[in-house]
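Q: One structure follows; several queries about it will come next.
The values are calculated or read from the model by the stated rules, or taken from the named source; none is laboratory data. Predicted, not measured: the structure shown is a model, and the values here were computed from it. All Cβ positions, glycine included, derive from the backbone under ideal geometry; neighbour counts span all protein chains shown.
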Amino acid sequence: MANRSDETRQGRGAPEGFARVWRRLQAEDIPRLFVYFIALLLIAYAAWLLYRRRWVGAVVGLVIAGLMILWWATTDDVPPQVAFVTPYVATLLVLALATQRLRMPAADGKPYLKGEEH
């Protein structure tokens with residue numbers, strides 16, 4: 001037992017392995033992992049679209065996810081401009097997708113009189 005490192009004496013299993021990988025992860029790897037994570041989310045979304053039989057959206061999502069995974073596999077780093085712009089693009093996407101379901105209020109344009117039921 002004298003030749004075992006401290007890490008192997010602490011225990012074996014997923015949490016210890018995850019912690020060791022997390023410690024080795026460097027700050028420049030995080031945007032690259034984010035690209036991979038977004039690609040995986042796109043694949044899940046495309047699977048959901050396939051389940052709902054929306055073929056065009058599913059194919060577009062799978063193509064974009066495939067391109068992102070190809071980019072992830074062939075590059076060593078993400079340009080800093082992409083990492084800088086990502087929060088802004090995500091905010092614009094959320095706002096654009098969330099406002100598609102908004103409707104005008106039923107009483108729009110009607111004057112409000114206190115005590116009157118609408």
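Q: Within the range 63-80, identify whether any single residue is over 30 Å from Asp29 (Cα atoms) and either in contact (Cβ under 8 Å) with a residue 24 or more places away in the chain or in a helix (DSSP H, G or I) (or both), and answer yes or no.
A: No: the range 63-80 contains no residue that is over 30 Å from Asp29 (Cα atoms) and either in contact (Cβ under 8 Å) with a residue 24 or more places away in the chain or in a helix (DSSP H, G or I) (or both).
Q: Which pairs have Cβ atoms under 6 Å, sit 6 or more apart or on different chains, and link a residue in the range 17-46 that is more than 24 Å from Pro80 (Cβ to Cβ) and part of a helix (DSSP H, G or I) to one that is of a type outside the set (Gly, Ala, Ser) and modelled with pLDDT of 80 or more?
A: Note: pairs meeting the criteria are Ala46/Leu62.
Q: May I pose another question? I need every pair where a residue in the range 102-118 that is part of a loop (DSSP other than H, G, I, E, B) has its Cβ under 9 Å from the Cβ of a residue that is modelled with pLDDT of 75 or more, sequence separation at least 6 or different chains.
A: Correct list of pairs: His118/Ala106; His118/Ala107; His118/Lys110; His118/Tyr112.
Q: Another one. One residue is enough: does the range 85-106 have a residue meeting the conditions at negative phi, touching a Phe, Trp or Tyr at 6+ places or on another chain (Cβ under 6 Å) and surrounded by 10 or more Cβ atoms within 10 Å (Cβ to Cβ)?
A: no
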